[in-house]
Every structure is written in C-alpha cells, then in structure tokens.
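Input: a single structure, listed below in structure tokens.
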Ligand SMILES: CC(C)(COP(=O)(O)OP(=O)(O)OC[C@H]1O[C@@H](n2cnc3c(N)ncnc32)[C@H](O)[C@@H]1OP(=O)(O)O)[C@@H](O)C(=O)NCCC(=O)NCCS
C-alpha cells in the first residue's frame, strides 16, 4: 500500500480524530489518556498526519522548560503503521521546535528503536525533573515508570 501523507498543524475540527487515536493506545496502556476537552484546550500544540482527508496520526509538543520540549501523544493508526508516517510526524515536530529556538526535544517511550532511528538517544529519566511535575504526577505508573527517556539536541 502506498500512502500519501501530509503533516500539518492541528485545527479544532481534528479533535475527535486525535482523541480516537490517543484512546486506542491509552486503552492498551501505552499512552496517557487525554480527554477531548484537554485536546481542545491544547490544540495549538498538536500536529496531525492526514491521508486522503483522514487524520491517521498525531503528536504534540509540550513545553517543559525554556530550552526543553517533550513529544507527547505520538500515535499512528494501527493500519497505517510502518509507512514512515511516525517518522514524518517526528520530523515535523522537530521543525516546530527548531523554529521556536528550542535546543532539546525529549520523549518518554516504549518505542526506543523508532526514536533512535529518528536521531534520539537514550538518557536517564532523572535529568528531566520538569517532566515529573507536569505529567507524571497524574500517571498511575508514577512510582514504577518503565518508559525509557530519549533526547535529541537540535543545536
Ligand atoms: C511509534 C509509532 C508512532 C511509529 O509510527 P510508524 O508510522 O509506524 O513509524 P515509521 O513507519 O516511521 O517507522 C516504523 C517502522 O516502519 C519502517 N518504515 C519507515 N518508513 C517506511 C516505509 N516508507 N515503508 C515501509 N516501512 C517503513 C521503519 O523502518 C520502522 O521499522 P521498525 O518496525 O523496525 O520500527 C507507532 O508505532 C505508534 O503509534 N505506536 C503506538 C503509540 C506509541 O508507542 N507512541 C510513542 C509514544 S512517545
């Protein structure tokens, strides 16, 4: 299957489709859930990948500090995986960070190989105390987190 995909900033009309993608993975315990209200109120931070008018992937950039952003809620619909869409979304998010002059981009993930192929490297979670005070305090796995921290420097 050849998939023609375009990445763009998300708009309010994308909220439901973004919510569906995140819910698919949140239900499996591999992503933190986000309500439609939360997605709506942070829609400016989201980007989407669109194929034939359908949102098939999403991701967001959360500002953790003056020099650090986190890639969050990165997901590609199951049936569209393995076509480079996730890598396109990461590239688009990195462009956004670069344009804003942010030198460091991190993620917490189980998909280490995917991020390494996109230029990230594994780092100790403890170097991101900012992260703990934003999202982690709401996570059920707060005290037994098994996700891996990855970082890419843009400078
Ligand atoms: C991680 C995730 C976003 C990757 O999305 P994706 O669209 O499948 O990513 P890519 O296609 O760019 O890369 C995935 C694989 O396809 C391969 N690939 C890339 N471009 C390809 C192409 N044009 N044709 C065929 N295969 C391709 C890559 O080599 C890669 O190989 P791998 O299986 O060894 O990793 C997706 O797996 C996902 O949604 N996972 C669940 C949620 C999650 O864990 N998100 C990360 C949280 S931070």
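Taking segment 55-67 as the search range and keeping residues that are modelled with pLDDT under 95 and in contact with a helix residue (DSSP H, G or I) (Cβ under 7 Å, 6 or more places away or on another chain), which one is farthest from residue 128 (Cα to Cα)? Explain how you work it out, then say what you get.
To start, the set of residues in segment 55-67 that are modelled with pLDDT under 95 comprises 62-67.
Still in the running and in contact with a helix residue (DSSP H, G or I) (Cβ under 7 Å, 6 or more places away or on another chain): 62, 64-65.
Numbers: 62: 13, 64: 9, 65: 10 Å.
Taking the candidates together, the pick is 62.
Go through segment 4-24 residue by residue and tally those that are in contact with a helix residue (DSSP H, G or I) (Cβ under 9 Å, 6 or more places away or on another chain) and surrounded by 14 or more Cβ atoms within 10 Å (Cβ to Cβ).
Residues that pass the stated criteria total 9.
Would you please name the residue that is modelled with the lowest pLDDT, looking only at residues in segment 129-140 that are more than 14 Å from the ligand (Cβ to nearest atom) and in a loop (DSSP other than H, G, I, E, B)?
This residue is 133.
Output the residues belonging to segment 73-88 that are near the ligand (Cβ under 7 Å from one of its atoms), within 17 Å of residue 24 (Cβ to Cβ) and under 14 Å from the mean Cα position of the chain (by Cα).
74, 75, 76, 85, 86
Could you check, for segment 8-15, whether at least one of its residues is assigned to a helix (DSSP H, G or I), away from the ligand (no atom under 14 Å from the Cβ) and in contact with a strand residue (DSSP E or B) (Cβ under 6 Å, 6 or more places away or on another chain)? Reasoning before the result, please.
The initial filter retains those residues of segment 8-15 that are assigned to a helix (DSSP H, G or I), namely 12-15.
Going one step further and asking which of them are away from the ligand (no atom under 14 Å from the Cβ), we end up with 12-15.
Now restrict to residues that are in contact with a strand residue (DSSP E or B) (Cβ under 6 Å, 6 or more places away or on another chain): 14.
Looking for residues that are assigned to a helix (DSSP H, G or I), away from the ligand (no atom under 14 Å from the Cβ) and in contact with a strand residue (DSSP E or B) (Cβ under 6 Å, 6 or more places away or on another chain), one finds at least one in segment 8-15, hence yes.
Given the conditions (1) over 11 Å from residue 14 (Cα atoms); (2) in contact with a strand residue (DSSP E or B) (Cβ under 8 Å, 6 or more places away or on another chain); (3) near the ligand (Cβ under 10 Å from one of its atoms), and given that residue 45 satisfies all but one, which numbered condition is not satisfied?
Tallying (1) over 11 Å from residue 14 (Cα atoms); (2) in contact with a strand residue (DSSP E or B) (Cβ under 8 Å, 6 or more places away or on another chain); (3) near the ligand (Cβ under 10 Å from one of its atoms), residue 45 fails exactly one: (3).
Out of all the residues in segment 27-34, is one or more outside any loop (DSSP other than H, G, I, E, B) and within 13 Å of the ligand (Cβ to nearest atom)?
Our first condition is that a residue be outside any loop (DSSP other than H, G, I, E, B); within segment 27-34, this holds for none.
No, the conditions are met nowhere in segment 27-34.
Collect the residues in segment 56-68 that are more than 13 Å from the ligand (Cβ to nearest atom) and in contact with a strand residue (DSSP E or B) (Cβ under 7 Å, 6 or more places away or on another chain), keeping them in residue-number order. So that I can check it myself, show each step before the final result.
Taking segment 56-68 as the starting set, the residues that turn out to be more than 13 Å from the ligand (Cβ to nearest atom) are 63-68.
Result: 63, 64, 67, 68.
Just checking, does segment 56-70 include any residue being farther than 25 Å from residue 127 by Cβ and under 13 Å from the mean Cα position of the chain (by Cα)?
Taking segment 56-70 as the starting set, the residues that turn out to be farther than 25 Å from residue 127 by Cβ are 56-58.
Cutting the leftovers down to under 13 Å from the mean Cα position of the chain (by Cα) gives us 57-58.
Yes, segment 56-70 contains at least one residue that is farther than 25 Å from residue 127 by Cβ and under 13 Å from the mean Cα position of the chain (by Cα).
Could you run through segment 92-117 and say how many residues are within 11 Å of the ligand (Cβ to nearest atom), surrounded by fewer than 20 Cβ atoms within 10 Å (Cβ to Cβ) and without any contact (Cβ under 8 Å) to a residue 40 or more places away in the chain?
6
What's the total number of residues in segment 27-42 that are touching a strand residue (DSSP E or B) at 6+ places or on another chain (Cβ under 9 Å) and without any contact (Cβ under 8 Å) to a residue 60 or more places away in the chain?
Matching residues across segment 27-42 total 4.
The values are calculated or read from the model by the stated rules, or taken from the named source; none is laboratory data. Small disclaimer: the values here were computed from a predicted structure and weren't measured. Ideal geometry is used to build each Cβ from the backbone, glycine not excepted, and the neighbour counts take in all protein chains shown.
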